[in-house]
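A.B. asks: Quick one: the structure is below, and I'll ask about it shortly.
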Amino acid sequence: MPADVNLAVNLGGLAMKNPVTDASGTFGAGQEYADFIDLDALGALTTKGVSPVAWEGNPAPRIAETPSGMLNTIGLQNPGVEAFCAEKLAFLANYSVPLIVNVAGHRIDEYLAVIDRLESEERVDAYEVNISCPNVDAGGLAMGTDPAMAREVTVACRARTKRPLIVKLTPNVTSVADIARAVEDGGADAVSLINTVQGMAIDAFRRRPRLSRPVAGLSGPAVKPIALRCVWEAHRAVSVPILGMGGIRTGVDAVEFMLAGATAVAVGTANFTNPRATVEVIEGIRGYCESQGIADVNELIGGLQC
Amino acid sequence: MEGHVECAWLPGRVKPVLETARVAANEPVCPGTWRMVLEAPHTARHAVPGQFVHLGLDVERDSVLRVPISVHAAHRQEQEVELLYQVVGPSTTVMSEQIVPGDELDLIGPIGNGWSMPEGTGAGRALIVGGGLGAAPVASLAEAWAAAGVRTDAILGAQTSERILSRERFEAVCGTVAIATDDGTEGDHGFVTVPLERMVASALEAGDPYTYIAVCGPTPMMRNCVRLLPDGVRCEVSMERLMACGVGACLSCIVPLAAGGTKRACVDGPVFDAREVDWDAC
């Protein structure tokens, strides 16, 4: 009788019993999905972005469905780090799933304020720093579009914590490899990618954008080829582990990301189609390994032959 | 409430489940509006008036998002729910053209806070206003208030007489069912605001005012009805928003509030107090 497949991976110091987490922004802080899945079945749980004070987000319409995907301009609405600690962490005390808190800010000191506040919260296991946020100190240019800025954010966050520090990259750059190298150099324990791809949707009859902001973020199956390419390029550029995401719906999708270089994967938009997508991806990875005679999922990482 | 049906994070609410939904019927009821009947045991057993389901269509389509549709009727014995929908875009076109009895869909349900039910012994009067497809989530509301012993009247509006929805259900339980049509083919020639203003005024004059008013329909219609409300009468509305997750996690469906801030239409709503909503921002 063959032994069970080993699904455990280590994402830059974060031990995960399987490679699957949810993608930030699609899963709240987990509680709304507790009716559909056992949160403790996940390899890790990634929260919505947390800012130092409450952010209101953008007006409606915040979403538009597009071919094989969707655009969103939620605007990182969140209640701020204090309310996060009081409300969301209290619920998560009922679960033991490793917790990755996504951190958002409009300037470097805002990221630091969130990390500093969470350092004393035992429940938190790791940080995912969202550098797709516009830097108001740099004319609104996204932190993650410039290697020097990306490195600077990473260095500043690195100094504030010994916990695993994952930096989340945007694909809306000329060279993902350059940004990945910069954040690795800055001390990141892992990189996650991709965040959403900039896109638009237009209502031809009202002659207006379909969302409240003209440019929004594309996610879902439509972005998978872009995400795979970015993961592959990042993997060739850096040695730190990669958390890959972008259009994953099934275990086989997840395997593709691991072959491209990902150590772990995140499932996002698929949760809207199927609130059980995360656990079905876990089982799909297990099924792939069993049918392919793979004893340890780590054998897949970077296993693409080309 | 039984432990295994209570929502994990909202005490006192039955949890939504993802359940298979076998199509029992799918047919047009009038030009532009269809009725789908689905075998969905959990939703049929637990749905209360004003809740909705998040319906999934064939996953091989190009579309990632579910379709949120209010529960028009829930039949506990038969374990069936009835939905009304209008064909207005790609997903509803698929529903009308490709889904046939026997198909297995799935849905998340029941979702949402539902309409308020009467307090106390059946005193007061209720007025239920349904404009267009807005009649769908208020038919069960009228039935529930009437069953609780409250005198209930209704106003139904549509473009034309043949598009008035489910009038029999309202006529079965309401004292008066007033009709308003855009083209004047039946009832008042105009919007539901015409009979609304008249009926509220005459109830007030008679010393027998409405104590609860529910309004459901397109946002401009609800905004105009809310403007006509007398002070001090309780009024609820049901807000329709684009939705992604449908369970409260993604923040796509927020409704702006008059007092500032937002609430999620899916789980904090879809029913809101009429005065809570920032109508100018909607």
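A.B. asks: Could you check the stretch A:246-290 and list, in sequence order, the residues that are of a type in the set (D, E, K, R), part of a loop (DSSP other than H, G, I, E, B) and surrounded by fewer than 20 Cβ atoms within 10 Å (Cβ to Cβ)?
C.D. replies: The answer is A:276, and nothing else.
A.B. asks: Tell me the residue from B:201, B:244 that is among the hydrophobic types (A, V, I, L, M, F, W, C) and part of a loop (DSSP other than H, G, I, E, B), please.
C.D. replies: Criteria check complete, one pass: B:244.
A.B. asks: OK, next. Spot the failing condition for residue B:84; the list is (1) touching a helix residue (DSSP H, G or I) at 6+ places or on another chain (Cβ under 7 Å); (2) assigned to a loop (DSSP other than H, G, I, E, B), and only one is missed.
C.D. replies: The number of the failed condition is (2).
A.B. asks: Something else now. Looking at the stretch B:204-222 only, could you name the residues that are closer than 15 Å to residue B:234 by Cα and assigned to a helix (DSSP H, G or I)?
C.D. replies: B:204, B:222
A.B. asks: Whether any residue in the stretch A:30-46 is in contact with a strand residue (DSSP E or B) (Cβ under 9 Å, 6 or more places away or on another chain), more than 11 Å from chain B (Cβ to nearest Cβ) and within 26 Å of residue B:255 (Cα to Cα) is what I want to check.
C.D. replies: Yes: one or more hits.
A.B. asks: If I ask for residues that are crowded, with 20+ Cβ neighbours inside 10 Å and over 16 Å from residue A:167 (Cβ atoms), which ones from the stretch A:119-156 would you list?
C.D. replies: The answer is A:124, and nothing else.
A.B. asks: Just one of the numbered conditions (1) more than 19 Å from residue A:76 (Cβ to Cβ); (2) of a type outside the set (Gly, Ala, Ser); (3) under 16 Å from the mean Cα position of the chain (by Cα) is not true of residue B:242; which one?
C.D. replies: Here residue B:242 meets the rest and fails (1).
A.B. asks: I would also like to ask the following. Looking at (1) more than 18 Å from the chain's Cα centre (by Cα); (2) within 14 Å of another protein chain (Cβ to nearest Cβ); (3) assigned to a loop (DSSP other than H, G, I, E, B), find the lone condition where residue A:83 falls short.
C.D. replies: All conditions are met except number (3).
A.B. asks: Given the criterion free of Cβ contacts under 8 Å to residues at least 40 places away in the same chain and small (Gly, Ala, Ser), identify the matching residue among A:57, A:25.
C.D. replies: A:57 is the lone residue from the list that is free of Cβ contacts under 8 Å to residues at least 40 places away in the same chain and small (Gly, Ala, Ser).
A.B. asks: Any residue that is at pLDDT 95 or above and not in a strand (DSSP E or B) - is there at least one of those in the stretch B:150-158?
C.D. replies: Yes.
A.B. asks: Out of B:131, B:109, B:124, report the one residue that is away from chain A (no Cβ under 13 Å), touching a Pro at 6+ places or on another chain (Cβ under 7 Å) and surrounded by 13 or more Cβ atoms within 10 Å (Cβ to Cβ).
C.D. replies: After ruling out the rest, the residue left standing is B:131.
A.B. asks: Report yes if residue B:90 is within 14 Å of the chain's Cα centre (by Cα), within 14 Å of chain A (Cβ to nearest Cβ) and not hydrophobic (A, V, I, L, M, F, W, C), otherwise no.
C.D. replies: So residue B:90 fails the test.
The values are calculated or read from the model by the stated rules, or taken from the named source; none is laboratory data. Note that the structure is predicted; figures quoted are calculated from it, not measured. Positions of Cβ are backbone-derived with ideal geometry, glycine not excepted, and every protein chain shown enters the neighbour counts.
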